[in-house]
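A short worksheet on the structure shown next.
The values are calculated or read from the model by the stated rules, or taken from the named source; none is laboratory data. Every value quoted in this text rests on a predicted model; they were computed, and no experiment measured them. In this analysis, Cβ positions are derived from the backbone assuming ideal geometry, glycine residues included, and neighbour counts consider all displayed protein chains. Quick note on the areas: whole protein, heavy atoms, side chains included, nothing else; ligands and nucleic acids left out. Shrake-Rupley method; radii C 1.70, N 1.55, O 1.52, S 1.80 Å.
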Amino acid sequence: MVLISEMLEKGAVVSLEENVEGFATPKHLVKEDGSQAALGETLPFKVIEFNKDSKRIILSHSRTFEDPAREEKKAAAAAKKASRAKKDDTPKIENVAASTTLGDIDALAELKAKMEKGE
């Protein structure tokens, strides 16, 4: 949990540990309830970009709750795709004689009976 120490037109400055500051754009300051984070609030943030050369740390509060939801959706989609793939793995019957239906079984039984009688 870190403190939003300064609000600017293009985002907010967030105070991290050991006098280090990060920046969060307005779209990354949206809270889970849809409201915008305000000056002085203490919220969890996630580092989404880090550049040592330019000494930039970009943070996001919204990603702290969006990423788990996104992972759940991916897992559900993968499970659905896997179950669909299992159904598609069933071999297709291409031989017409091999794909009999219950109606055909009666006709085959009648034919068998005729053959046994010698007709």
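With the whole protein complex present, GLU49 retains an accessible surface near 80 Å², based on a 1.4 Å probe. Measure off, as a whole percent, the carbon and sulfur share of the 1.4 Å-probe accessible area of region 1-67, all protein chains present. Here it works out to 50 percent.
Backbone geometry of region 34-46 corresponds, through the Karplus equation with coefficients 6.51, -1.76 and 1.60 at θ = phi - 60°, to 3J(HN,Hα) couplings of x, 7, 8, 5, 10, 4, x, 6, 10, 9, x, 10, 10 Hz, x marking Gly and Pro. Both radii were evaluated on the Cα set of region 1-88; the Rg over Rh quotient, with Rh as the Kirkwood radius, amounts to 1.18.
In a DSSP loop and with at most 10 other Cβ atoms within 10 Å, the trypsin sites (Lys or Arg not before Pro) in region 1-73 are LYS10, LYS52, LYS55.
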